[in-house]
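A quick write-up on the structure given underneath.
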Amino acid sequence: MQSIKVKSPATLSNLCCGFDILGIALKEPFDIIELTQRDQKGINIQHLDDFSLPTDPAKNIAGVALQSMLDALNYTHGFDVIIEKKIKPGSGIGSSAASAAGIVVAANQLLGNPFNKKQLLSFAMEGEVLASGSRHADNLAPCVYGGLVLIRDTASLDIIEINTPPLFITVIHPQIEIKTSFARKILPTEIPLRSAVTQWANVAGLVTGFLQLDYALISRSLHDVIIEPVRSKLIPGFDDVKKKSIDVGALGGGISGSGPSLFMFSENEKIANQIELEMKTVYNQLGIDYKTYVTTISNKGVEEII
Ligand code: HSE
């Protein structure tokens with residue numbers, strides 16, 4: 001095999017109470033990455049989108065991730081890379097993670113799978129650090145592993161895969177920009193014990209709800225008393241979207257990653273579509289452009305397009 005094409009999915013991180021430790025892969029949207037082996041050393045990147053991302057591999061998230069993998073292999077040849085990003089950078093649904101994870105999973109498969117998922121994640125992390133300036137794996141890990149994952153420890157990349165009941169997911173991406181680095185800088189560095197107790201009770205409740213396929217428990221646990229009160233101020237329409245979505249039957253939801261995208265979980269597609277309408281109404285009234293998705297969980301993560 002000399003060439004491979006993969007789709008690399010968007011991801012939701014945090015899932016309200018699980019800041020930096022929970023993430024889930026979505027079926028849509030996804031980037032498309034095509035990799036072709038070549039004899040000459042080096043990585044040649046071409047973008048088929050309009051996001052003006054750097055093509056210099058040392059400045060490109062995918063390039064940095066792939067280079068870190070090739071360094072570990074002492075690889076003497078190179079790759080031509082074609083990237084079509086459909087996940088807009090700065091959307092809060094794991095655009096940089098899709099680039100970094102997609103390219104290393106694709107290259108690994110092309111090279112006969114020399115690395116396991118944990119090793120791939122550590123290569124991809126180099127790209128994510130370039131993007132956000134911080135080491136967090138809650139978008140990368142679901143992209144590499146698929147489904148819902150818990151990052152129990154980021155330093156050692158202790159990744160726990162968690163089963164889920166079927167879920168429908170509605171996402172709205174208001175077309176405003178929030179930089180992850182800024183959205184992290186404004187967070188409190190100390191939190192009251194009472195808030196911490198509420199938060200870890202909800203994380204435990206949420207994970208138990210997923211494992212026991214208990215929608216009511218998932219719904220009761222989808223709360224964030226630490227991050228959301230700070231970051232939601234950056235997102236016009238946040239309170240309205242949340243209230244209206246819950247009124248029409250959402251299990252719950254909140255900010256996707258560092259925003260500005262918002263997500264809502266629901267038990268069935270009818271409710272998910274209704275939530276989409278409510279979200280659109282809020283942003284139409286605000287006069288802010290948006291993109292919406294009604295989707296489900298990708299249990300595969302990055303996957304080859306045959
Ligand atoms: N967990 C990270 C954050 C995800 O919320 O800052 C950033 O996409």
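The values are calculated or read from the model by the stated rules, or taken from the named source; none is laboratory data. Keep in mind the model is a prediction, meaning the values are calculated, not measured. Note that each Cβ is placed from the backbone with ideal geometry, even for glycine, and that neighbours are counted across all protein chains shown.
Yes/no per residue for (1) of a type in the set (S, T, N, Q); (2) within 16 Å of the ligand (Cβ to nearest atom); (3) within 19 Å of ILE21 (Cα to Cα); (4) under 22 Å from the mean Cα position of the chain (by Cα):
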residue	(1), (2), (3), (4)
THR198	yes, no, yes, no
ASP247	no, no, no, no
LYS270	no, no, no, no
ILE305	no, no, no, yes
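Mind checking which residues of region 210-234 are among the aliphatic types (A, V, I, L, M), out of contact with any Phe, Trp or Tyr (no Cβ under 8 Å at 6 or more places or on another chain) and within 16 Å of the ligand (Cβ to nearest atom)?
Those that are among the aliphatic types (A, V, I, L, M), out of contact with any Phe, Trp or Tyr (no Cβ under 8 Å at 6 or more places or on another chain) and within 16 Å of the ligand (Cβ to nearest atom): VAL225, VAL230, LEU234.
Restricted to region 146-160, and to residues that are away from the ligand (no atom under 16 Å from the Cβ) and either exposed (fewer than 13 other Cβ atoms within 10 Å of the Cβ) or touching a residue at least 60 places away in the same chain (Cβ under 8 Å) (or both), which residue is farthest from GLU276 (Cα to Cα)?
SER156
Considering only region 191-208, state which residues are within 22 Å of GLU161 (Cβ to Cβ) and either outside the structural domain of GLY252 (by TED's automatic domain parsing) or not polar (S, T, N, Q) (or both).
TRP200, VAL203, ALA204, GLY205, LEU206, VAL207 - these are the residues of region 191-208 that are within 22 Å of GLU161 (Cβ to Cβ) and either outside the structural domain of GLY252 (by TED's automatic domain parsing) or not polar (S, T, N, Q) (or both).
Residues in region 70-116 that are under 21 Å from the mean Cα position of the chain (by Cα) and either without any contact (Cβ under 8 Å) to a residue 24 or more places away in the chain or in a helix (DSSP H, G or I) (or both): how many?
15
Output the helices (runs of 4 or more DSSP H) that fall wholly within region 136-221 and possess 1 or more residues being over 20 Å from ILE87 (Cβ atoms), or say none.
180-185, 193-211, 215-221
In region 161-198, which residue that is touching a residue at least 40 places away in the same chain (Cβ under 8 Å) and of a type in the set (S, T, N, Q) is farthest from LEU286 (Cα to Cα)?
Among those that are touching a residue at least 40 places away in the same chain (Cβ under 8 Å) and of a type in the set (S, T, N, Q), it is ASN163.
Please work out which residue is farthest from HIS173 (Cα to Cα), limiting yourself to region 224-252 and to residues that are among the small types (Gly, Ala, Ser) and outside any strand (DSSP E or B).
GLY249
For region 37-54, give me each residue that is surrounded by fewer than 16 Cβ atoms within 10 Å (Cβ to Cβ), polar (S, T, N, Q) and touching a strand residue (DSSP E or B) at 6+ places or on another chain (Cβ under 7 Å).
Within region 37-54, GLN40, ASN44, GLN46 meet the criteria.
Mind listing whichever residues of region 259-300 are surrounded by 24 or more Cβ atoms within 10 Å (Cβ to Cβ), in a loop (DSSP other than H, G, I, E, B) and at negative phi?
Across region 259-300, the qualifying residues are PRO260, SER261.
Yes/no per residue for (1) out of contact with any strand residue (DSSP E or B) (no Cβ under 9 Å at 6 or more places or on another chain); (2) buried (at least 16 other Cβ atoms within 10 Å of the Cβ):
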{"site": "ASP71", "(1), (2)": "yes, no"}
{"site": "ILE93", "(1), (2)": "no, yes"}
{"site": "ALA97", "(1), (2)": "no, yes"}
{"site": "VAL104", "(1), (2)": "yes, yes"}
{"site": "ASN108", "(1), (2)": "yes, yes"}
{"site": "LEU111", "(1), (2)": "no, yes"}
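Could you say which residue among LEU66, LEU121 is within 16 Å of the ligand (Cβ to nearest atom), within 30 Å of LYS291 (Cβ to Cβ) and either modelled with pLDDT of 95 or more or in a helix (DSSP H, G or I) (or both)?
None of the others qualify; the one that does is LEU121.
I'd like to know if region 25-37 contains one or more residues that are in a loop (DSSP other than H, G, I, E, B) and either more than 16 Å from the ligand (Cβ to nearest atom) or closer than 30 Å to PHE168 by Cα (or both).
Scanning region 25-37, I find no residue that is in a loop (DSSP other than H, G, I, E, B) and either more than 16 Å from the ligand (Cβ to nearest atom) or closer than 30 Å to PHE168 by Cα (or both), so the answer is no.
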